[in-house]
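The values are calculated or read from the model by the stated rules, or taken from the named source; none is laboratory data. This is a predicted model, so every value here is computed, not measured. Here the Cβ positions follow ideal geometry from the backbone for every residue, glycine too, while neighbour counts run over all protein chains shown.
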Amino acid sequence: MSKLNLVAMSYDRDKILNALQRTNATEITLQYETEHTVALSSDCEQLRAYLSSIEEALSCLIAVTEEYHKDNKIKSDVLKDGFEVSYSEFMSAKDKKEQADALVEKINRLEERRKERVSALAGLRRTISSAEIYSVINRPLNGFQDTLHAKIRLGTFPVSLKEDFFKAIEEDPLSACSILHSDEENVLVLAAGHKSSDQFDAILQNFGLVACPFDEALSGAEFYSSLKERERSFCEELKAIEQETYALNTSIRFLKIYSDFIGFELEKAEISDKLRATQKTFLLEAYVPKESEERVKEALGGVTEAIYYEFSEPSAEETPPTLYQNNAVVKNFETITNMYSPVSYREFDPNAVMSLFYSIFLGFIMGDIGYGLLMMIGGGLIYYMKRDRDSGLKRLAGVFAVGGLFAVIWGFLFNSLFGLSLPFLPAIMPNAQSDMWSFIGISVPAVLIISLEIGVVQLMVGYVCKAWQCWRRGYIADGILDGMVWAVFSLGVGIAVIGLIDEANMPVLATVGGIVAAACLFIAVLTAGRKEKLLGKFTKGFGAAYGIINYVSDVLSYARLYGLMLSGAVIAQIVSQYSVQFITGGNPVFIVLGVILMLVGHLFNLAIGLLGAYIHDARLQYVEFYGRFYEGEGELFSPLGSQHKYVYLPLGAAAER
């Protein structure tokens, strides 16, 4: 990574930033205080609010379009994000503000009308719900009035109180009532009582009679019919608004381009906080990949001659952003490391080593020829379909495809094809379910010991990586004593474990490995406190010796490889055995069931196995492997204008092609 320092005229700032954006190779960094300069500042709130208004209108238009497509079973790419846009089309959005504003205003106006009608329709439907029970009345609703001597009440009460209500009315000789209608919840009654009867009002109050809320000159049936007609009218109006809004769906692409362009304009405005300026010039600092220096020079040269810039090496106090330089295979595994923490610029990139172990572990866990082939085919197809541009799905597919290759290899070693053994293929590895080895007199699953040995190898490589990290920084002694000594210790442990297996019949390895491990441990304890004083030397040495407990615990963590592999193998075997029995039974129904069980069972086992393998494999890398040497805390290289929400803008070398 190189450091770009640039000075140019203030009126050329926007053109220069646009040129740097097109290179896709410049990350602007904070320009520290320089003599005779002032910090630039920019009020981004107005532009941020403007962008928010565009995105709100766009979201509204997308929601209407999605709903319309769903209701009418329409398939279209109009809603697809990540579509490619040429640089010239993207930048031409600058001159389309008037068109965009008019479109946003129209969408907002339609949305306001829609919300008003939706709110009114909701209120109307509540009224309809209340008026439905009165639709049986064929006389004006306001015609139920008191007479000279009687109180007349039209209303409803809960149907559960029906019997008690009539009993109470019958007990009052001055009251009477008639049921007009009832439904599952309410009873509509017309009640009458003499004005001299206080008991009548008490009965109505006690049973919660709700008086008719409609004082209409229309009959109940006419009033209810008029409400339903208004409902139909509102629904038609809402449908018309929806149609009018949907007609704008052809503008979704334009709005997405314009939204991302305004996002870029906002990014440039926010960058002002990182720049400094004199009365007529501005100063800019940026990080540029070394291989992109010529492209940046060419871009800057095409903007103006009133510019000065130079490239230099970042100082030791600076921490440039991280830009990985890995091949196409290892690149897929960068996502796994980034989920933990991106590599720091000043440490070595462990992705190449990690990707090898990750693939070995992933293949070991799946451990089946059939599953490996499915992973290779499925992952490979997705990777091929997404080959034109980078994405998280593409990288994950690449990880599974590579892991599938190792799963096939392990499958041949275990002689497993969808859980079944091939009669013509000898099993090189022991059976995960039945084969046991005698380890220091204890019967232990053979594959469990193999998984622990694999863990010892990865720990050894982790210590080698620690040594290499120290040597790159000039700490030769630290690399040897904190890295290589423990790496050789791990080698001794691995050899000793082999010697302690009775079936290996090589007891001499236990002696050799034990001596190597003990010698390395003695050196580690003796030198652990070399940088400490007095008591610190003793405590550090004791800590190194006590660390053996943690080391054993770390090795045991690799038992999860065996556990995951065993569970998947057992399920695969059960599914295949039952499926084969059904298929070979001769019954047509069982044959169909056998085929379905074979397909569904293995696909389910593959999916669950991949999920568990992906998570636990990553955990082993993060905790056990990276825990030996990895620092992380890096920030990924993010060039100016490279992040877009909706569009794919080929920049840099891609744009030139």
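Taking the conditions exactly as written (surrounded by 15 or more Cβ atoms within 10 Å (Cβ to Cβ) and touching a strand residue (DSSP E or B) at 6+ places or on another chain (Cβ under 9 Å)), does Leu323 satisfy them or not? I'd like the intermediate steps shown before the answer.
Working: surrounded by 15 or more Cβ atoms within 10 Å (Cβ to Cβ): yes; touching a strand residue (DSSP E or B) at 6+ places or on another chain (Cβ under 9 Å): yes.
Considered against the rule, which asks whether it is surrounded by 15 or more Cβ atoms within 10 Å (Cβ to Cβ) and touching a strand residue (DSSP E or B) at 6+ places or on another chain (Cβ under 9 Å), Leu323 comes out as yes.
Which number in (1) without any contact (Cβ under 8 Å) to a residue 40 or more places away in the chain; (2) surrounded by fewer than 12 Cβ atoms within 10 Å (Cβ to Cβ) marks the one condition that Gly301 misses?
(2)
For the stretch 304-331, give me each residue that is in a loop (DSSP other than H, G, I, E, B), under 40 Å from the mean Cα position of the chain (by Cα) and β-branched (Val, Ile, Thr).
Filtering the stretch 304-331 down to residues in a loop (DSSP other than H, G, I, E, B) leaves 304-306, 313-321, 323-327.
From the residues that got through so far, the ones that are under 40 Å from the mean Cα position of the chain (by Cα) too are 313-321, 323-327.
Across the stretch 304-331, the qualifying residue is only Thr319.
For the stretch 166-175, enumerate the residues that are loosely packed, with under 13 Cβ neighbours inside 10 Å and either not assigned by TED's automatic domain parsing to the domain that holds Phe144 or not in a loop (DSSP other than H, G, I, E, B) (or both). Let's see the steps before the verdict.
The initial filter retains those residues of the stretch 166-175 that are loosely packed, with under 13 Cβ neighbours inside 10 Å, namely 167, 170-171, 173.
Lys167, Glu170, Glu171, listed by residue number.
Somewhere in the stretch 197-212, is a residue within 30 Å of Tyr68 (Cβ to Cβ), in contact (Cβ under 8 Å) with a residue 12 or more places away in the chain and assigned to a helix (DSSP H, G or I)? Show your work before the answer.
If we filter the stretch 197-212 for residues that are within 30 Å of Tyr68 (Cβ to Cβ), which is where we start, we get none.
The answer is no; no qualifying residue exists.
Identify the single condition in (1) of a type in the set (A, V, I, L, M); (2) within 27 Å of Val464 (Cβ to Cβ); (3) surrounded by 16 or more Cβ atoms within 10 Å (Cβ to Cβ) that Ala545 does not satisfy, given that it satisfies every other one.
(3)
Go through Leu300, Leu284 for me and flag whichever is part of a strand (DSSP E or B), under 21 Å from Ser642 (Cβ atoms) and among the aliphatic types (A, V, I, L, M). Write out each step before concluding.
Details: Leu300 fails: part of a strand (DSSP E or B).
Going through Leu300, Leu284 in turn, the sole match is Leu284.
Among Arg113, Arg126, which is outside the structural domain of Asn186 (by TED's automatic domain parsing) and under 30 Å from Leu248 (Cβ atoms)? I'd like the intermediate steps shown before the answer.
Numbers: Arg126 fails: under 30 Å from Leu248 (Cβ atoms).
Only one candidate qualifies: Arg113.
Of all residues in the stretch 419-444 being in a loop (DSSP other than H, G, I, E, B) and small (Gly, Ala, Ser), which is nearest to the chain's Cα centre (by Cα)?
If we filter the stretch 419-444 for residues that are in a loop (DSSP other than H, G, I, E, B), which is where we start, we get 419, 421-435, 440-441.
Narrowing further to those that are small (Gly, Ala, Ser): 419, 421, 427, 432, 434, 441.
Numbers: Gly419: 32, Ser421: 38, Ala427: 40, Ala432: 35, Ser434: 40, Gly441: 48 Å.
Ranking the qualifying residues of the stretch 419-444, first place goes to Gly419.
Please find, among Val493, Val485, Val552, the residue that is surrounded by fewer than 15 Cβ atoms within 10 Å (Cβ to Cβ) and either out of contact with any His (no Cβ under 8 Å at 6 or more places or on another chain) or modelled with pLDDT of 95 or more (or both). Spell out how you get there, then give the answer.
Numbers: Val493 fails: surrounded by fewer than 15 Cβ atoms within 10 Å (Cβ to Cβ); Val485 fails: surrounded by fewer than 15 Cβ atoms within 10 Å (Cβ to Cβ).
The unique qualifying residue is Val552.
Which one of these does Asn5 not meet: (1) in a strand (DSSP E or B); (2) in contact with a helix residue (DSSP H, G or I) (Cβ under 8 Å, 6 or more places away or on another chain); (3) not aromatic (Phe, Trp, Tyr)?
Exception for Asn5: condition (2).
Looking at this structure, is Glu631 of a type in the set (Asp, Glu), surrounded by 16 or more Cβ atoms within 10 Å (Cβ to Cβ) and more than 23 Å from the chain's Cα centre (by Cα)?
Working: of a type in the set (Asp, Glu): yes; surrounded by 16 or more Cβ atoms within 10 Å (Cβ to Cβ): no; more than 23 Å from the chain's Cα centre (by Cα): yes.
For Glu631, the condition - of a type in the set (Asp, Glu), surrounded by 16 or more Cβ atoms within 10 Å (Cβ to Cβ) and more than 23 Å from the chain's Cα centre (by Cα) - is not met.
In the stretch 474-509, what count of residues is obtained for those that are in contact with a helix residue (DSSP H, G or I) (Cβ under 8 Å, 6 or more places away or on another chain) and either over 30 Å from Ser443 (Cβ atoms) or among the hydrophobic types (A, V, I, L, M, F, W, C) (or both)?
Qualifying residue count, the stretch 474-509: 25.
For the stretch 134-162, give me each residue that is part of a strand (DSSP E or B) and of a type in the set (A, V, I, L, M, F, W, C).
Applying the first criterion (part of a strand (DSSP E or B)) to the stretch 134-162 yields 140, 150-158.
The answer is Ala150, Ile152, Leu154, Phe157.
Here's the yes/no breakdown for (1) modelled with pLDDT of 95 or more; (2) β-branched (Val, Ile, Thr); (3) surrounded by 13 or more Cβ atoms within 10 Å (Cβ to Cβ); (4) not assigned by TED's automatic domain parsing to the domain that holds Ser416:
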{"site": "Ile501", "(1), (2), (3), (4)": "no, yes, yes, yes"}
{"site": "Ala517", "(1), (2), (3), (4)": "no, no, yes, yes"}
{"site": "Leu521", "(1), (2), (3), (4)": "no, no, yes, yes"}
{"site": "Lys531", "(1), (2), (3), (4)": "no, no, no, yes"}
{"site": "Lys537", "(1), (2), (3), (4)": "no, no, yes, yes"}
{"site": "Gln581", "(1), (2), (3), (4)": "no, no, no, yes"}
{"site": "Asn587", "(1), (2), (3), (4)": "no, no, no, yes"}
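Select from the stretch 309-359 the residues that are touching a helix residue (DSSP H, G or I) at 6+ places or on another chain (Cβ under 9 Å), of a type in the set (Asp, Glu) and in contact (Cβ under 8 Å) with a residue 40 or more places away in the chain and list them in ascending order.
Result: Glu334, Glu347.
How about the stretch 192-230: which of its residues are touching a helix residue (DSSP H, G or I) at 6+ places or on another chain (Cβ under 7 Å), of a type in the set (A, V, I, L, M, F, W, C) and more than 30 Å from Ala120 (Cβ to Cβ)?
Scanning the stretch 192-230 gives Ile203, Phe207.
Among what's in the stretch 176-206 and is more than 26 Å from Ser129 (Cα to Cα) and polar (S, T, N, Q), pick the residue that is surrounded by the fewest Cβ atoms within 10 Å (Cβ to Cβ). Spell out how you get there, then give the answer.
Pass one, the stretch 176-206, residues more than 26 Å from Ser129 (Cα to Cα): 176, 193-202.
Checking the rest, the ones that are also polar (S, T, N, Q) come to 196-197, 199.
Values: Ser196: 9, Ser197: 16, Gln199: 16.
Selected residue: Ser196.
Quick one: which residue in Ala528, Ala545 is touching a Lys or Arg at 6+ places or on another chain (Cβ under 6 Å) and more than 23 Å from Phe357 (Cα to Cα)?
So the residue among Ala528, Ala545 that is touching a Lys or Arg at 6+ places or on another chain (Cβ under 6 Å) and more than 23 Å from Phe357 (Cα to Cα) is Ala528.
Kindly indicate which of Ala277, Ala316, Ala299 is outside the structural domain of Leu413 (by TED's automatic domain parsing), of a type outside the set (Asp, Glu) and closer than 24 Å to Thr37 by Cα.
Ala277
For the stretch 335-352, what are the residues that are buried (at least 20 other Cβ atoms within 10 Å of the Cβ) and outside any loop (DSSP other than H, G, I, E, B)?
Of everything in the stretch 335-352, those that are buried (at least 20 other Cβ atoms within 10 Å of the Cβ) and outside any loop (DSSP other than H, G, I, E, B) turn out to be Ile336, Thr337, Asn351.
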